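The values are calculated or read from the model by the stated rules, or taken from the named source; none is laboratory data. This structure is a prediction, so every number in the text was calculated from the model and none was measured. So basically every Cβ, Gly included, is an ideal-geometry build from the backbone, and we count neighbours across all protein chains shown.
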């Protein structure tokens, strides 16, 4: 048996019991508002907090996947626990969740590795990281059987984010890929301040302007822990033909808990190619 990553946050961010988890994700998907999204779906931006906080926001995006099939899903997340330069792709054979194992698409992983010197096969950024893991149960319930490529950006420099976007675009031209950027927005500001900060991020996503978003992140005028992954996925999606970005759902933890002194923001958005 090859190297398989076991869950790091099952029982913390989401239910570790497979029956309860399956029911919880199904309920979130069924309860999410059905939205009309025109064109071909190229990418999603999805939050990565505990499901009690961001599950309804994530479900707004994953609901769009019903009935769709992809050659593979590429999930790009930030590294919360390990600092490193460059970009890492998990070197093993799969990720295990309470709902079963999700296999890694070896061919697409190898194709990506060959595109830029910044991409390395490494467990760095994957071992205790939750940003990719929490996306998988939603993908499992939405797509059924699928394979994926887990990518973590370490130091989220512009150079790395754009290089990853270009690599994803080159590999994606020959395949039907779904690109997922895993990111929360501002962290631990008072409610109104957080909404103002998050609105600036949503505006740049709606304008499909990844360069402007990167500049705001670099100047620390906005916050998004997965801002680099968002920039990379926007860059790649645009190169693959996407020309429309549609925010689907925004909220913050204060909307869920009622505690508004220090909140965390969550966004789901779709990147589509209009005919």
### Message
Can you pull out every residue in the stretch 44-60 that is more than 9 Å from the chain's Cα centre (by Cα) and surrounded by 24 or more Cβ atoms within 10 Å (Cβ to Cβ)?
### Response
54, 55, 57, 58, 59, 60
### Query
If you check 58, 49, which single one turns out to be modelled with pLDDT of 95 or more, assigned to a loop (DSSP other than H, G, I, E, B), in contact with a strand residue (DSSP E or B) (Cβ under 9 Å, 6 or more places away or on another chain) and within 29 Å of residue 160 (Cα to Cα)?
49
### Message
more than 18 Å from the chain's Cα centre (by Cα) and closer than 19 Å to residue 204 by Cβ: which single residue out of 252, 243, 275 fits that description?
### Response
243
### Message
Checking the conditions here, which among 24, 30, 38 is assigned to a loop (DSSP other than H, G, I, E, B) and either more than 23 Å from residue 260 (Cβ to Cβ) or at pLDDT below 95 (or both)?
### Response
38
### Task
Just give me the residues in the stretch 156-187 being outside any strand (DSSP E or B), farther than 27 Å from residue 199 by Cβ, touching a residue at least 24 places away in the same chain (Cβ under 8 Å) and in contact with a helix residue (DSSP H, G or I) (Cβ under 9 Å, 6 or more places away or on another chain), in sequence order.
163, 166, 167, 168, 169, 170, 171, 172, 173, 175
### Message
If I filter the stretch 117-138 for residues that are over 14 Å from the mean Cα position of the chain (by Cα) and assigned to a helix (DSSP H, G or I), do I get at least one hit?
### Response
no
### Message
For a quick check of your reading of the model, give me the residue pairs whose first member lies in the stretch 132-149 and is on the phi > 0 side of the Ramachandran plot and at pLDDT 95 or above, whose second is buried (at least 20 other Cβ atoms within 10 Å of the Cβ) and assigned to a helix (DSSP H, G or I), with beta-carbon atoms closer than 8 Å and at least 6 apart or on different chains.
### Response
none
### Message
Going through 207, 239 one at a time, which residue ends up being in contact with a helix residue (DSSP H, G or I) (Cβ under 7 Å, 6 or more places away or on another chain), surrounded by fewer than 17 Cβ atoms within 10 Å (Cβ to Cβ) and over 17 Å from residue 155 (Cβ atoms)?
### Response
239
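To keep it simple, each residue is scored yes or no on (1) over 28 Å from residue 27 (Cα atoms); (2) touching a strand residue (DSSP E or B) at 6+ places or on another chain (Cβ under 9 Å); (3) surrounded by 17 or more Cβ atoms within 10 Å (Cβ to Cβ).
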residue	(1), (2), (3)
102	no, yes, yes
105	yes, yes, yes
138	no, yes, yes
147	no, yes, yes
163	yes, yes, yes
182	no, yes, yes
196	yes, yes, no
201	yes, yes, yes
211	yes, no, no
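Residue by residue through the stretch 65-93, note down the ones that are surrounded by 20 or more Cβ atoms within 10 Å (Cβ to Cβ) and either out of contact with any helix residue (DSSP H, G or I) (no Cβ under 8 Å at 6 or more places or on another chain) or in a strand (DSSP E or B) (or both). Full working, then the answer.
Filtering the stretch 65-93 for residues surrounded by 20 or more Cβ atoms within 10 Å (Cβ to Cβ) gives 65, 72-79, 86-90.
Hits for the stretch 65-93 are 72, 73, 74, 75, 76, 77, 78, 79, 87, 88, 89, 90.
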### Task
Name every residue in the stretch 1-21 that is out of contact with any helix residue (DSSP H, G or I) (no Cβ under 8 Å at 6 or more places or on another chain), part of a helix (DSSP H, G or I) and under 14 Å from residue 136 (Cα atoms), in order of residue number.
18
